[in-house]
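Below is one structure, written out as structure tokens; the observations come after it.
The values are calculated or read from the model by the stated rules, or taken from the named source; none is laboratory data. Here the structure is a predicted model, which is why all the values come from computation and not from measurement. Counting neighbours? That spans all protein chains shown, and the Cβs are built from the backbone with ideal geometry, glycine included. For accessibility, only protein heavy atoms count, side chains too; no ligands or nucleic acids. Shrake-Rupley method; radii C 1.70, N 1.55, O 1.52, S 1.80 Å.
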Amino acid sequence: MATTKKPAPKKTTASKKSNGNMSEAQSALMELFVDEIKDIYWAEKHLVKTLPKLAKGAASEALRDAINEHLEVTKTHVSRLEQVFELLEKRPQAKKCEAMEGLAQEGAGVLEDTEAGTATRDVGIILAAQKTEHYEIATYGGLSVLAKTLHLTDVANLFDQTLAEEKEADETLTSIAENSINAEASEE
């Protein structure tokens, strides 16, 4: 029984095709990366507008101070993202972040649905703020990993800096809740 030998595939064609796919994949990944940066840029700018409302609604001085301090840090995040756009040689551009829009609406709902001046409202504010922090932690963590994948070390370092600040804000909110507000709310 005679066997027919199939011709071996041409290596030059396969490697050209492989290299073409690689640059297309990197291009697609970069496009996704920039799109996600636009998304978090909108989110941070939106937080600059919404955090003062949460601070104003807080009864606890410690909570109010923590929110106002994080507002200043958030303004730094906006500037840092503008640095990222510059490093990427892109014009700073925001793309509406549906997730942050929803989280901001939840925060507004807490203010509408709870009684002013109560620890219960403060618990709700902390929960809303922590949901926001967790979204930002996930976003900056993912962006940092993508920046490293794309060999954008300077960009990754900026994201790591912001990530550390978001984690610190989350820890501060947890501490405020555990040290006083949750217990006070349970006695109202």
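Figures for the structure shown
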{"item": "Some residue of region 136-150 being open to solvent by 30 Å² or more (accessible area, probe 1.4 Å), at pLDDT 95 or above and aromatic (Phe, Trp, Tyr)", "result": "no"}
{"item": "Residue in region 145-162 that is touching a His at 6+ places or on another chain (Cβ under 6 Å) and among the β-branched types (Val, Ile, Thr) present", "result": "yes"}
{"item": "Counted residues, region 41-75 - those being among the aromatic types (Phe, Trp, Tyr) and either open to solvent by 40 Å² or more (accessible area, probe 1.4 Å) or within 13 Å of THR118 (Cα to Cα) (or both)", "result": "1"}
{"item": "Count of region 120-135 residues which are free of Cβ contacts under 8 Å to residues at least 24 places away in the same chain and open to solvent by 20 Å² or more (accessible area, probe 1.4 Å)", "result": "1"}
{"item": "Matching helices (runs of 4 or more DSSP H) fully within region 106-188 where at least 3 residues are closer than 30 Å to GLN26 by Cα and touching a helix residue (DSSP H, G or I) at 6+ places or on another chain (Cβ under 8 Å)", "result": "119-149, 153-176"}
{"item": "Test result for LYS38, under 21 Å from LYS131 (Cα atoms), at pLDDT 95 or above, open to solvent by 80 Å² or more (accessible area, probe 1.4 Å) and basic (Lys, Arg)", "result": "no"}
{"item": "Within region 151-170, considering residues that are of a type in the set (Asp, Glu) and under 25 Å from SER60 (Cα atoms), the one most open to solvent (accessible area, probe 1.4 Å)", "result": "GLU168"}
{"item": "Residue in region 95-104 that is open to solvent by 40 Å² or more (accessible area, probe 1.4 Å) and free of Cβ contacts under 8 Å to residues at least 12 places away in the same chain present", "result": "yes"}
{"item": "Lone qualifier among GLU112, GLU101 - being within 24 Å of ALA55 (Cβ to Cβ), under 21 Å from the mean Cα position of the chain (by Cα) and of a type outside the set (Val, Ile, Thr)", "result": "GLU101"}
